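One structure is given here, and the rest of the page talks about it.
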Amino acid sequence: MTWRIEAHTLAVAETPGPEVFFQRAFGDWVEIAIHVFVLRSGDRTIVVDTGLIDGFEVLNERMRARKGARAGFRRLAGLEDVLDRSPDAVVLTSFGPYAAGGLPHLGEDVPVYVSSRGLDNLARSEEPALIHALPNDVLRRLSISGPVRDERTIFDGIRFVETGVHHPASAAVVVDTEDGPVAIADPVFVRANLVEGIALGAAEHAAGWFALVRRLAAACRGMIAIHDPDPVPVPVAAWHPSLRPQGEISAAC
């Protein structure tokens, strides 16, 4: 089964350069965007990520106190603005307040697929200083979600991959399209991470970032940088030489 990927931008923001580019861009600000990805095949609809939490102004205040006056999200739309009906399922690439925020607006009959390690981390944090503060209604919805450990095909043509690297709950979704497999991975923020070969700055494991991208590159035709303002697949041929797979590209995903 092949799927069509629709990207809808729900919010925009600026973030300090070193969060996006490992040990680079000090003093710079990088434009990022928050998207929901709607996957369609026939009459089936799968949603990847759900947008900002309600009452995100408090989140913005915390971000500005920590990162600077230019930080903070500007909301453009909500999940309800881009869906024409209730989805068949939801997949989260992280538990960030910009990815899991729309969960309370979905019916409890909608299955939600998330990282098993992420749920374990919510129950007992690997590092309490790095845990995301989430509203209770989001936490409750996460508590009844479906954990996926390591890698698993969750629908025909859609594979969930636990990645870590950015957060314990970080994941990638590999989608079979007419042009071949395309990966949407939480630890790849913008196109420049790929075409310049620069690891994510806000990473729990910077070296693991390179291994992750090569792993996905070996199995996919391209990748969508999850927070790039222009969320289109970047072909493997356009990636930095250090990130390209060796040999032919497999469709093993």
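Just so it is clear, none of the values below were taken in a lab; they were calculated from the coordinates. The structure presented is a predicted model; accordingly, all values stated were derived computationally and were not measured. No Cβ is skipped: glycine too gets one built from the backbone with ideal geometry, and neighbour counts run over all protein chains shown.
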Q) Where does the chain land at 222 nm, in deg cm²/dmol rounded to the nearest 500, when only DSSP H runs of n ≥ 4 count, each adding -39500 (n - 2.57), divided by all residues? A) -5500 deg cm²/dmol
Q. Roughly what would the spin-label model give for Arg24 and Asp54, points 7 Å off Cα along C-beta, in nm?
A. 4.1
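With charges only on Cβ, +1 for K and R and -1 for D and E, what is the dipole size of the range 4-243 about its Cα centre, in debye, rounded to 20? Write down the numbers at each step before the final one.
Values: 23 positive and 32 negative charges, 98 e Å.
With only Lys, Arg, Asp and Glu charged at Cβ, the dipole is about 480 debye.
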Q. So what's the Cα pair-distance distribution over the chain, bin width 5 Å, in %?
A. 1, 6, 14, 19, 22, 18, 12, 6, 2, 0
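Order these by the 10 Å Cβ neighbour count, fewest first: Ser116, Ser170, Ser145, Ser125.
Ser125, Ser116, Ser145, Ser170
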Q. Could you give the distance between the Cα centres of the range 8-33 and the range 203-231, to the whole Å?
A. 16
Q) Restricting to the chain, what percent of DSSP beta bridges are antiparallel, rounded to 5? A) 75
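What net charge is computed for the residues neighbouring Asp120, neighbours being all others with C-beta under 10 Å from the C-beta of Asp120, Lys and Arg scored +1, Asp and Glu -1? All intermediate terms of the calculation are to be shown ahead of the outcome.
Values: positive: Arg117, Arg124, Arg149; negative: Glu126.
Taking every Cβ under 10 Å from that of Asp120, the sum is +2.
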Q: Please report, in whole Å, how far the alpha carbons of the range 1-107 spread along each principal axis, starting with the longest.
A: 47, 29, 20
Q) Where does each of Arg40, Arg141, Arg244 land when they are ranked from fewest to most other beta-carbon atoms within 10 angstrom? A) Arg40, Arg244, Arg141
